[in-house]
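The values are calculated or read from the model by the stated rules, or taken from the named source; none is laboratory data. Predicted model only: the values in this text are computed from it and were never measured. For neighbour counting, all protein chains shown are included, and Cβ atoms are generated from backbone atoms with ideal geometry for every residue, glycine included. In case anyone asks, the SASA skips ligands and DNA or RNA and just uses the protein heavy atoms, side chains included. Shrake-Rupley method; radii C 1.70, N 1.55, O 1.52, S 1.80 Å.
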Amino acid sequence: MPIKKTLGFSVLLLLLSGCVEEFIPETKNFESILVVEATLTNELKQQEIFLSRTRTFEDILPNKEENADVRVTDDSQNEFVFTETQPGKYVSDVSFEAVSGSSYQLEITTSNGRGYVSSPVLMGQSIEMQDVYAERITNQNNNEGMAIFVDSFDPTGNSRYYRYEYEETYRVIAPDWISSDLEGVPIPPFRLEQDCNVRISSEPRSPDKRICYPTDFPNNVIITTTKNFDEDRVQRFPVRFINRDNYIISHRYSVLVRQYVISPEAYDFFQTLQDFSETESVFSDTQPGQLFNNITSIADVDEPVLGYFEVASVNERRIFFNYDDFFPGEALPPYADPCNRVAPPLQDMETDCVLRPLIEAETFLYLQENFEPVNIEGPFIVVPRVCGDCTVLGTNELPEFWIE
């Protein structure tokens, strides 16, 4: 949306003045701000905390906060130390669970010696989801597809604020997988290096790359509240919508939904974060520094810190469905790639090898021989690798939780 608005504004200027100067976003007066992602749950496990720094428009890679001292203490003076296992990822040395009725506080000391501390956060009660289910619907944008809904109910009426996460795993079948492959032929000493020597391999291609099970971990902000309802009941709350043309539901699809019972303060934080992420323009008055949080700098209370230390009960459910369950006899969604077929020549006008680098760079895979070459097309038809090798999209290992 920001790009569309910028283009529209540029066209308007062009019409008014006859010329327009290209706009290139540039960061000025940049401030490196600590970003904290920390959620403790009632799951008995090694808890995780992620630290990073804000980055400029020009930065591509995330700016991880390394070599920090991270620990959590509870109101019983128990201390849990976190060790950095990957850049910016800190994992508790021991497994522990947040206990209902106890409060927890996060303490961080960065490598430059600056200290940060959170407000004490009370762990609330745990509420189980009643149901997670899928339905074929047409949404408000008139798009047909699959919706994932959640039902939940707290008879005590004490929960009221909820946050949801999901991870989805799906079966992918490479449409152009075949058992044969191409290989380069060793070049004899009397041949030039650039000579093309490609043949169909006698070794069959691994069948393990035909069926895969990719998993995605979206980081959408998904929250809801029942504070204005007579009952503390979440009913038909949409956690996910998948357009029917999305290839991830082509065969078998599974989604794991997690429900967090959160505090009113955490809800306000995520509501603001959601509003900011949905802002239509990068030039909006809403900026990250305006996000409320519960983490402050010990040395300077006015120093901005992004993030929220969250302590929440969590409950999860997983469901599966097949495309045929909801679209019986209907055409499958298009694959992740159009899988256009090409037959590049073995040599170009300079006698440089064209096909062999494509194969050795693993960007294309052999599909079949080209029995009807046109003009200077080569003898082999190839397709983008993703069309014959599903591991481009994800792992080919069957997940332990998978159920047929």
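Counted residue by residue at 0.36 nm each, then reduced by the alpha carbon distance between them, the extension gain from Glu369 to Val99 reaches 90.8 nm. Shape class for the range 68-188, computed from the alpha carbon gyration tensor (a ≥ b ≥ c): oblate, with a/c not under 1.5 and a/b at or below b/c. Between Thr56 and Arg199, the C-beta separation translates, for a Förster distance of 51 Å, into a calculated FRET efficiency of about 0.55.
What is the spin-label model distance, in nm, from Ile403 to Asn228 if the labels are put 7 Å beyond Cα along the C-beta direction? So the two model labels end up 3.7 nm from each other.
Per-residue SASA remark: Lys45, around 80 Å² accessible (1.4 Å probe; ligands, DNA and RNA not included).
Sorting Trp177, Trp402 on solvent-accessible area from highest to lowest, probe radius 1.4 Å, gives Trp177, Trp402.
Classify the range 63-111 from the C-alpha gyration tensor, please: rounded if a/c falls under 1.5, else prolate or oblate depending on whether a/b exceeds b/c. Taking the square roots of the gyration eigenvalues as a ≥ b ≥ c, the range 63-111 is prolate. The listed residues Arg199, Arg160, Arg114, once ranked by accessible area (1.4 Å probe) with the largest placed first, stand as Arg199, Arg114, Arg160. Positive contributions from Lys and Arg (+1) and negative ones from Asp and Glu (-1), summed over other residues with Cβ under 12 Å from the Cβ of Met146, come out at -2.
When the Cα atoms of the range 36-133 are aligned to their principal axes, the ranges along those axes come out at 45, 41, 23 Å in descending order.
Amide H contacts of Asn294: Phe309, each under 5 Å away and 5 or more positions distant or on a separate chain (H built 1.01 Å from N in the peptide plane; Pro and chain starts excluded).
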